[in-house]
1. Can you tell me the length gained on complete extension of the stretch residue 44 to residue 58, counting 0.36 nm per residue apart and subtracting the Cα distance?
2. Under the Karplus relation 6.51 cos²θ - 1.76 cosθ + 1.60, θ = phi - 60°, what is the ordered set of whole-Hz ³J(HN,Hα) values for segment 43-52, x standing for Gly and Pro?
Amino acid sequence: MNELISRRNDTSLQDTATTATAAKEAGEEEDVTIEAVLSQLIDITVFIFNLTFLMVMKAATAP
């Protein structure tokens, strides 16, 4: 009888640990997605700034 109760408790603890791990991994995946999007936005912003700067400098040096 004690073995059955012990197994039930182990299963319950495993389920809790699995759920907690899944929630943590989901949060980490979300963070990775946000970081990837922010990285792309920063790259695009820098590219546009550099392109604009080069166009202005070229226009300023044109005869």
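Just so it is clear, none of the values below were taken in a lab; they were calculated from the coordinates. Note that the coordinates shown come from a computational prediction; the quantities given were computed from them, not determined experimentally.
1. 2.9 nm
2. Karplus values, whole Hz, x for Gly and Pro: 4, 5, 4, 5, 4, 5, 4, 4, 4, 4.
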